[in-house]
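The values are calculated or read from the model by the stated rules, or taken from the named source; none is laboratory data. All values reported here derive from a predicted model rather than from experimental measurement. Cβ placement follows ideal geometry from the backbone for every residue including glycine, while neighbour counts extend to all protein chains displayed. Keep in mind that these areas ignore ligands, DNA and RNA; they rest on the heavy atoms of the full protein, side chains included. Shrake-Rupley method; radii C 1.70, N 1.55, O 1.52, S 1.80 Å.
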Amino acid sequence: MSTPLALNRITDLLMNDSKAKVLSKNETRSRTPLIFERHSRNHAEWLPALEGHEETYLKSIPQDFLRKKEANLPSVSELEVVRHFTGLSQKNFSVDVNFYPLGSCTMKYNPKCLDAIASLSSFSLIHPYQEESLAQGALKILFEMQEYLSEITGMDEFTLQPAAGAHGELCGLLIAGAYHRARGSKKTKVLIPDSAHGTNPATAALCGYEVVTVKSNAKGLVDFDDLKSKLDSGVACLMMTNPNTLGLFEEDILEIAKAVHAVDGLVYYDGANMNALLGICRPGDMGFDIVHMNLHKTFAVPHGSGGPGSGPVGVKKHLIPFLPSPRVLKQKEKFLFEKQAPQSIGKLRSFYGNFGAIIRSYAYIKALGKEGLRAVSENAIINANYLRVRLKKMYDVPYDGICMHEFVMAATRQKKKGVRALDIAKRLLDYGVHAPTVYFPLIVEEAMMVEPTETESKETLDEFVQILEKIEKEIEQDPAIVLEAPHTTPVGRMDEVLAARQPNLRFKNS
Amino acid sequence: MQYISNTDNDKKVMLEAIGVSSFEDLVAKVPKSLRNFELRLPKGKSELELLSEMVEIGRENINFHDYASYLGAGNYDHFVPTVVNALAHRGEFITSYTPYQGEASQGTLQSIYEFQSLICELTAMDYSNASMYDGASGLAEAALLALRSTGRKKIVVPVTIHPEYRTVVKTYTSCLDVEIVEIPMAADGVLDFEILKKSIDENTAAVLVQHPNFFGLLEDVRAIGEEAHKAGALFIACVNPISLGILEPPGEYGADIAVGEGQPLGNPTAFGGPHFGFFTVKEDFLRKMPGRIAGMTVDKVGRRSFVLTLQAREQHIRREKATSNICTNHSLCALKGAIYLSLLGKEGLKKLALLNLKNAHQTYDALLKLKGVREFSRRPFFNEFVLHLEKDAGNLKASLEANKILGPLALNAFYPKQAGAYLFAVTENRTPSDQQRLLEAISAS
Ligand SMILES: Cc1ncc(COP(=O)(O)O)c(C=O)c1O
């Protein structure tokens, strides 16, 4: 359907039937036509004009290789493109606009100056294959970042190649595999706690390992006895998150690492929760052999509607030869790429890593310095505990006690009244707050994982508590308003079954 | 510099509310032995100091405004219209995350749906996912899909594919029981078709091809695809998106999976990342695709809306049974790609491809007239080509630098036997005066 002059509000009034309007309390947000449904005769001219003889060069290519049917791209003016994507952006919740306590994701404020730095032409308009001598600034940043991360985590060396946390996990397990193979040991299993993030088992499987699940104990920590019963010489690696996904510090970590090492296994640190530990303690000192960082969580790379992030991997000495290649070295005040790495696992992606993300984290670490980094974790922990204590009157906290940078509460009391975590999550949207992570970790029923981050103020946290109190009253007095939520977002709850049964995954011009 | 909102007094009040007397009480569970260290890092800086220091570091890099770039090999100096960043860098896009709460993420979800649609139009494939990390990891995931889908153990990889991409495929499969069969290059710079035919058998899961290949040359894709299909193997094409303005798209020549590097679509090179990989399939492989997919549906009152769908493939639902481990992807880079393609439009895409074709061929013709410049292949090419330069490498490098030229890329870094061969990329950004300087630099060396 075409809506040529589509001002969003006009379209809304045209498109929505009256029933929808009764439910939609906020009519200012509305349907945006697809870019394909917009039409204008004049499409933007940002390329120089053709001179007329260009088509003659097509003769150098045999007909068989040429495109016969034009790609059906939209044909719209620059203004329409601007209005279209601006309109879409306004339908998003984001850290810049909303409190976003999405547990495990560390949705902190990302300083704007980092965007400006990454956008400088001296960093954005440089080619990965330009001569080392013409890219000393970029190489210096990569080299120093390897050093900074080694220092912060207590590891010996870092690669900056992985593009995200899961990519870091892949890197780490491939390193573990190469290490065991080089020693001639046959290892087939990876141990993973039942509270772990889905990427941990998915990565282990991707590398051909059998996944063995380790139970959590009554305190929400890795059950050491269960772990010991599953440890044998076939274990390549234990993957752990610390603090774990319940936001709890794994107190037995030193003994756990020792036990895994005793069967010649390696211990892998999923660094998604490093925002709790900056300047407080270091995974390297806990006995971890391999760690990944999520620069898009701890080190202020904005989450970009889903990415890009960056997932650098650090290792201890014995694993350095297996790191992906090339690493950046410093020799006589010059920076250069390592030329040979015979035992390296190879490469996980083209070039050297998400430089545009890494540079943000590099500048962030420089801006904060050592005191600033520690202040991050202190405030993240204080904010989380403050919320936990204030909310536990309303919500069950199954593994209660002091938490680190996040905590998991359960909507079990609410469920007895017929309202689930999902409903509360949706109702929060009506109040302009992004929902916490729900139904994860899997070991908590009706889980709501709350991570306020260090950048939020006490006022915001107090408001969040007040909103949840209000929702609590609604559950008592008018549960329908919660069960039917959200009401103020551009659309209400969606038919996911329809989406999966009759997939409509692209526009087709019919 | 710190970005913390709470004052010391706020913290005091909060610690009291928590019921502890100091922050130290909150980390009492951390073993004492782990607490004995101090970070050896510099002191923090103000924004003013930080910016001036970063600008200084940046001076140690030559950028595309300083020198004219003839470097390609997967990353290209294409023009990015101002609108792309003006829109993609809006806070609402840049500071939101994966659209798990669909009602609060309709902007991201619709833009992913549009991205998928645009990429399908470009490639003439049936379905696209929401993005991969880059072209190389996308190619590796395509190989994994083929292994899963066929239950076979062999991947056929011509050496005419980008050497880094080949390494990534090897690395991704290094812990699996998989055989990688390399196909050598024929004398004219494309894969050796006779050896390819002999190398494909009933245990071949997939044949991979890059088109145009690493040397910029067109591979005989249709014939290669037919060979793969005869043996029941999947045919996987890795393509340059801009080339599809004039070249036949992979969906038309029989590719089962088509992937590629999205950097040319509105993303700066940024020393190699972040960009995005696109990943497309034919209908049969939809439910085996890695990564996120957005779909159109209706909300409870029938309004058109967008949602993450077919999630039963993904790690957060399926854990060790997922089709991939990917979680965070390269959404913002893909959004830039969608905005770029929207700005380009039908006519723009073809025009852009023609400008690249023309510039590359003009430069090629002019270079070939110079003394000491020799042909590498007579095969057709798009915007990249290889030439032999009978020059002293050191002199050549010095002369290029003196004339403010970045590139071309010496092939011997990746192909030791190809000493003296250089890969040139020529985009719409290269001007006649750039070309003049390039010719002078090469003549003078
Ligand atoms: C605990 C944990 N591990 C791993 C990951 C995977 O990281 P990424 O999304 O960057 O791949 C995440 C986040 O998504 C996480 O929360």
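List of remarks:
- Unsatisfied cross-links (Cα-Cα over 20 Å) in the set A:416/A:470; A:68/B:351; A:415/A:458; A:317/A:366: A:415/A:458; A:317/A:366
- Rg(Cα)/(2.2 N^0.38 Å) for the stretch B:183-228, N = residue count: 1.10
- Axial C-alpha extent at least 24 Å, average Kyte-Doolittle at least -0.5 - helices from chain A (DSSP): A:136-153, A:165-182, A:355-391
- Size estimate for the stretch B:354-445 follows the Kirkwood approach: the inverse of mean 1/r over distinct Cα pairs works out to 13.2 Å.
- Relative intensity of chain B on a log10 scale, I(q)/I(0) at q = 0.06, 0.13 Å⁻¹, equals -0.32, -1.20, per a Debye sum over C-alpha point scatterers of equal strength in the absence of solvent.
- Screening chain B for DSSP H helices whose Cα atoms reach 20 Å or more along their own axis and whose mean Kyte hydropathy is at least 0.0 gives B:106-123, B:135-150, B:331-368.
- Around residue B:59: net Lys/Arg minus Asp/Glu count, Cβ-Cβ under 13 Å: -3
- Projected onto its three principal axes, the C-alpha set of the stretch B:360-399 covers 30, 15, 14 Å, listed from the longest axis down.
- Size of the stretch B:82-341 from its Cα atoms: along the principal axes, largest to smallest, the extents are 58, 40, 31 Å.
- Kirkwood Rh and Cα Rg combined as Rg over Rh, evaluated for the stretch A:115-367: 0.97
- Separation of the stretch B:258-272 from the stretch A:305-328 is 21 Å, based on Cα centroids.
- Under 19 Å of direct C-alpha separation, and excluding same-chain neighbours fewer than eight residues apart, residue A:187 reaches these lysines: A:228, A:230, A:258.
- Accessible-area composition of the stretch A:115-367, carbon plus sulfur, in percent [1.4 Å probe]: 50 percent
- Only protein heavy atoms count here, probed at 1.4 Å, and on that basis chains A and B bury about 17600 Å² of accessible area in total.
- Electrostatic tally near residue A:380: other residues with Cβ closer than 13 Å to its Cβ, Lys and Arg +1, Asp and Glu -1, net 0.
- What the protein assembly as shown shows is 33 Å² of accessible area per residue, with the surface traced by a 1.4 Å probe over protein heavy atoms.
- Cβ-based net charge around residue B:5, under 10 Å, with every Lys or Arg adding one and every Asp or Glu removing one: -3
- In the stretch A:84-103, the residues that give up 50 Å² or more of accessible area when the other protein chains are added, compared with the chain on its own (1.4 Å probe), are A:85, A:88, A:89, A:92.
- Extension gain for residue B:321-residue B:366 works out to 10.7 nm (0.36 nm per residue, less the C-alpha to C-alpha distance).
- Accessible-area composition of chain B, carbon plus sulfur, in percent [1.4 Å probe]: 49 percent
- Average partner coverage of A:337-343, which counts Cβ from other chains inside 10 Å: 0
- Here's how it looks for residue A:92: its modeled amide H is under 5 Å from those of B:107, which are all 5 or more places away or on a different chain.
- When the inverse distances between all different Cα atoms of the protein assembly as shown are averaged and flipped, the Kirkwood radius reads 28.5 angstrom.
- Alpha-carbon Rg with Dmax, taken over the stretch A:99-191, Å: 18.0, 51
- Computed over chain B with a Gaussian network model linking Cα atoms closer than 10 Å, the most mobile of B:425, B:322, B:294 is B:322.
- Across the stretch B:272-331, the convex hull enclosing all Cα atoms gives 115 Å³ per residue.
- Mean-position separation - Cα centroids, the stretch B:24-83 and the stretch B:234-256, in angstrom: 37 Å
- Between residue B:36 and residue A:86, the simple label model (points 7 Å from Cα in the Cβ direction) yields a spacing of 6.1 nm.
- Helices in chain A, meaning DSSP H runs of at least 4 residues, each add -39500 (n - 2.57). Divided by all residues, the mean residue ellipticity at 222 nm is -11000 deg cm²/dmol.
- Residue-averaged [θ]222 nm for chain B, counting only DSSP H segments that reach four residues, each worth -39500 (n - 2.57): -11500 deg cm²/dmol
- Threshold 10 Å² - residues in the stretch B:233-257 whose accessible area is reduced by that much or more when the chain is no longer isolated, probe 1.4 Å: B:244, B:246, B:247, B:248, B:249, B:252
- Between residue A:495 and residue A:341, the modelled labels are 5.1 nm apart [label points 7 Å from Cα along Cα→Cβ].
- Shape of chain A, Cα gyration tensor, a/c cut at 1.5: oblate
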